[in-house]
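Undergrad: Would you mind keeping the following structure in view while I ask a few things?
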């Protein structure tokens with residue numbers, strides 16, 4: 001990727017000017033496109049801008065969960081905000097006030113927080129992802145942030161780093177000492193979905209080829225079908241994708257597989273329809289849920305999860321499969337149990353927790 005074509009300007013906070021990340025970025029862009037700010041950047045810049053800032057708050061936060069839904073005890077390492085890809089369904093369309101991308105030059109300071117949280121964590125292993133508010137690898141060739149994080153994670157045994165991506169930028173990771181403590185995970189959709197809804201992201205084949213490289217370098221892998229769209233012939237498309245993954249990759253290297261049905265807020269729907277007035281994703285009937293999001297009816301979601309879980313387990317029986325942000329009712333119908341009753345989910349969920357004490361009945365017909 002030619003970064004000078006992706007970003008029109010680079011904004012650098014005064015406090016970040018002398019950092020290795022700022023120097024690395026400045027070496028790529030011509031001087032007239034780099035602006036040093038007098039003080040802190042209050043937000044990301046406009047479209048086409050990259051802001052190099054200093055994070056003064058906490059990097060590490062527990063995933064807040066969703067009211068009424070079961071949470072998988074994931075921790076989020078926030079090293080930046082924004083993504084260069086244009087996926088139609090991305091929640092960042094709602095989250096960001098401005099469309100630029102922001103990265104934190106002092107990102108290695110986050111390791112102190114990870115080490116402290118890992119010591120206090122009561123479960124088997126602290127799972128930490130950098131792929132919540134940004135794609136973990138989409139800017140790797142520009143920033144090198146993941147390459148800097150991997151070695152310190154590899155030198156400890158209590159925390160597991162998940163690099164979640166739609167990118168194919170793994171080459172710089174392949175020779176690093178990861179110590180088996182790094183999971184490179186991909187968000188995947190069938191080609192028919194990706195071609196329409198994941199604008200700008202590498203095609204499916206490029207992502208699978210990158211996963212093969214990561215597996216050959218000894219990395220653990222994970223996959224996310226989230227969101228799953230109930231398009232025409234959805235079962236055939238998604239089950240074929242499961243087979244394509246395991247035809248090319250060893251099931252023993254896949255640490256987990258997560259599933260999530262398409263859900264949206266009204267404001268996200270507005271954005272999606274503004275971007276594509278002919279989008280077909282809302283042709284299904286959706287129901288409002290306790291958390292303010294709209295989802296497919298519960299029986300449809302339960303069937304979707306059951307079919308995909310069974311397809312994955314046929315190819316990789318020992319791989320943990322779980323639903324992201326779903327209710328107890330859906331878990332019982334699609335998985336036959338809550339996470340606590342499924343042995344292979346124990347290291348991921350531990351004592352499972354819900355987003356709030358009241359587990360809702362999202363998508364149930366009254």
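Undergrad: All but one of (1) touching a helix residue (DSSP H, G or I) at 6+ places or on another chain (Cβ under 6 Å); (2) modelled with pLDDT of 95 or more; (3) over 30 Å from residue 348 (Cβ atoms) hold for residue 3, so report the exception by its number.
TA: For residue 3, the exception is condition (2).
So that you can scan it fast, the table gives a plain yes or no per residue for (1) surrounded by 17 or more Cβ atoms within 10 Å (Cβ to Cβ); (2) under 28 Å from residue 331 (Cα atoms):
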site: 20; (1), (2): no, no
site: 65; (1), (2): yes, yes
site: 71; (1), (2): yes, yes
site: 74; (1), (2): yes, yes
site: 105; (1), (2): yes, no
site: 112; (1), (2): no, no
site: 116; (1), (2): no, no
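Undergrad: Here are the criteria: (1) at pLDDT 95 or above; (2) under 20 Å from the mean Cα position of the chain (by Cα). Tell me which single one residue 151 does not satisfy.
TA: Residue 151 satisfies every listed condition except (2).
Undergrad: Still on this structure, please answer the following. Hey, can you tell me all the residues within the range 308-345 that are farther than 19 Å from residue 220 by Cβ, in contact (Cβ under 8 Å) with a residue 40 or more places away in the chain and surrounded by fewer than 17 Cβ atoms within 10 Å (Cβ to Cβ)?
TA: Of everything in the range 308-345, just one residue is farther than 19 Å from residue 220 by Cβ, in contact (Cβ under 8 Å) with a residue 40 or more places away in the chain and surrounded by fewer than 17 Cβ atoms within 10 Å (Cβ to Cβ), namely 338.
Undergrad: From the list 9, 13, which one is surrounded by fewer than 18 Cβ atoms within 10 Å (Cβ to Cβ), closer than 21 Å to residue 84 by Cβ and in contact with a helix residue (DSSP H, G or I) (Cβ under 9 Å, 6 or more places away or on another chain)?
TA: 9
The values are calculated or read from the model by the stated rules, or taken from the named source; none is laboratory data. From a predicted model like this one, the values you see are computed outputs, not experimental measurements. Here the Cβ is made from the backbone with ideal geometry for all residues, glycine too, and neighbour counts use every protein chain on show.
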